[in-house]
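Report on the following structure.
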Amino acid sequence: MSRWEPDGRRRLQEAALALFAERGFESTTAKQIAERAGLTERTFFRHFGDKREVLFGNEDAVTEALVSAVASAPQACAPLDSVAAGLQAAADHMQPRRESLRRHAAIIAAHPELQERELIKQASMSAALAGALRGRGVAEPTAKLAAEVSIAVMRVAFQRWLEDADDRDLPQLVREALDQIEVFAAR
C-alpha cells in the first residue's frame with residue numbers, strides 16, 4: 001500500500017458504503033474498509049474515529065456551508081432570508097452527492113444506533129445555526145425556534161430529494177419547503 005493516499009478520506013467513505021451494502025454495517029470492519037480503499041487501517045483511524053463516523057464525515061462541511069451563508073448574508077436581510085440562504089448553501093453542497101447520500105440514508109434507516117447519531121448531527125447543526133442567528137441579532141428563543149424549524153425544513157426537503165423520481169434538485173426542494181412554511185405561518 002502506498003504511503004501517500006490522494007483523497008484517502010473520500011476513498012474510505014466510498015469503500016465503506018460499498019461494503020455496508022454488500023456485507024451489512026455490522027459485519028464490516030474498519031480494516032476491511034481500509035483494504036477496499038487500498039489504504040491501511042491506521043490511515044482509516046487518522047480520518048475516522050470508528051466505522052460509524054465514515055457515514056457522518058461530511059457533516060462539518062455541510063454545517064459550515066449553512067452557518068457561513070447565514071453569517072455572511074447582508075445585514076439588511078430579514079432573518080428568514082438569511083436562513084434561506086444558509087439552507088440553499090447546504091443544499092448546494094449536498095447536491096452533487098445524491099447517489100452516495102441515497103445509499104448513506106438507506107444504511108442509516110436500517111440501524112437504530114445510526115439513526116440516533118443522525119439526530120445528534122441534526123441537533124448540532126441546529127445549535128450552530130441558532131448561534132449564527134444570534135450573531136445576526138436574533139434574540140432567544142426566536143433563534144432556537146428558527147434553527148429547529150430550518151433543520152426540519154432541510155430534513156423534509158432532503159427526504160423528498162432522495163425519493164424524487166423527477167430528479168428535481170435539492171435547492172429547489174428546500175425553496176418549496178420554505179414556501180410551504182411561509183404559507184402555513186401566514187394562516
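Conditions (1) assigned by TED's automatic domain parsing to the domain that holds residue 169; (2) closer than 29 Å to residue 150 by Cβ; (3) more than 18 Å from the chain's Cα centre (by Cα), marked per residue:
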| site | (1), (2), (3) |
| --- | --- |
| 12 | no, no, no |
| 76 | yes, yes, yes |
| 80 | yes, yes, yes |
| 84 | yes, yes, no |
| 96 | yes, yes, no |
| 99 | yes, yes, no |
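If you check every pair at least six apart or on different chains, which have Cβ atoms under 9 Å apart with a residue in the stretch 36-58 that is without any contact (Cβ under 8 Å) to a residue 24 or more places away in the chain first and a residue that is in a loop (DSSP other than H, G, I, E, B) second?
Here the result reads 41/29, each pair linking the stretch 36-58 to a residue that is in a loop (DSSP other than H, G, I, E, B).
Considering only the stretch 18-42, state which residues are under 20 Å from residue 97 (Cβ atoms) and outside any helix (DSSP H, G or I).
Residue satisfying the conditions is 25 alone.
Every residue, every condition in (1) surrounded by 15 or more Cβ atoms within 10 Å (Cβ to Cβ); (2) at pLDDT below 95; (3) in a helix (DSSP H, G or I); (4) out of contact with any helix residue (DSSP H, G or I) (no Cβ under 6 Å at 6 or more places or on another chain), yes or no:
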site: 2; (1), (2), (3), (4): no, yes, no, yes
site: 6; (1), (2), (3), (4): no, yes, no, yes
site: 44; (1), (2), (3), (4): yes, no, yes, no
site: 67; (1), (2), (3), (4): yes, no, yes, no
site: 81; (1), (2), (3), (4): no, yes, yes, yes
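Would you mind finding the one in 157, 65, 106, 110 that is among the small types (Gly, Ala, Ser) and closer than 26 Å to residue 184 by Cα? Break it down stepwise before answering.
On the way: 65 fails: closer than 26 Å to residue 184 by Cα; 106 fails: closer than 26 Å to residue 184 by Cα; 110 fails: closer than 26 Å to residue 184 by Cα.
Going through 157, 65, 106, 110 in turn, the sole match is 157.
For the stretch 140-154, which positions are at pLDDT 95 or above and either of a type in the set (Lys, Arg) or outside any helix (DSSP H, G or I) (or both)?
144 - this is the single residue of the stretch 140-154 that is at pLDDT 95 or above and either of a type in the set (Lys, Arg) or outside any helix (DSSP H, G or I) (or both).
Looking at the stretch 148-157 only, could you name the residues that are of a type in the set (A, V, I, L, M, F, W, C) and touching a residue at least 24 places away in the same chain (Cβ under 8 Å)? Let's see the steps before the verdict.
Restricting attention to the stretch 148-157, the residues satisfying the condition of being of a type in the set (A, V, I, L, M, F, W, C) are 149, 151-154, 156-157.
Scanning the stretch 148-157 gives 149, 151, 153, 154, 157.
Among 61, 177, 157, 106, which is more than 29 Å from residue 18 (Cβ to Cβ), outside the structural domain of residue 14 (by TED's automatic domain parsing) and out of contact with any Phe, Trp or Tyr (no Cβ under 8 Å at 6 or more places or on another chain)? Talk me through it step by step, then tell me what you get.
Numbers: 61 fails: more than 29 Å from residue 18 (Cβ to Cβ); 157 fails: more than 29 Å from residue 18 (Cβ to Cβ); 106 fails: more than 29 Å from residue 18 (Cβ to Cβ).
Going through 61, 177, 157, 106 in turn, the sole match is 177.
Do we have residue 160 as part of a helix (DSSP H, G or I) and free of Cβ contacts under 8 Å to residues at least 12 places away in the same chain here?
Details: part of a helix (DSSP H, G or I): yes; free of Cβ contacts under 8 Å to residues at least 12 places away in the same chain: no.
Criteria not met by residue 160.
For the stretch 163-185, enumerate the residues that are aliphatic (A, V, I, L, M), in a helix (DSSP H, G or I) and exposed (fewer than 13 other Cβ atoms within 10 Å of the Cβ).
Residues of the stretch 163-185 aliphatic (A, V, I, L, M): 165, 170, 173-174, 177-178, 181, 183, 185.
Imposing the further condition that a residue be in a helix (DSSP H, G or I) reduces the set to 170, 173-174, 177-178, 181, 183, 185.
Residues satisfying the conditions are 183, 185.
Can you find, within the stretch 107-116, the residue that is surrounded by the most Cβ atoms within 10 Å (Cβ to Cβ) among those that are of a type outside the set (Asp, Glu) and in contact (Cβ under 8 Å) with a residue 40 or more places away in the chain? Spell out the reasoning first.
Initial filter on the stretch 107-116 (of a type outside the set (Asp, Glu)): 107-112, 114-115.
Restricting the remaining residues to those that are in contact (Cβ under 8 Å) with a residue 40 or more places away in the chain gives 107-108, 110-111, 114.
On the way: 107: 18, 108: 20, 110: 12, 111: 17, 114: 18.
Once the filter is applied, the top-ranked residue is 108.
The values are calculated or read from the model by the stated rules, or taken from the named source; none is laboratory data. The shown structure was predicted, so the numbers you read here are calculated from the model rather than taken from an experiment. Using ideal geometry, Cβ is built from the backbone for each residue, glycine included, and neighbour counts are taken over all protein chains shown.
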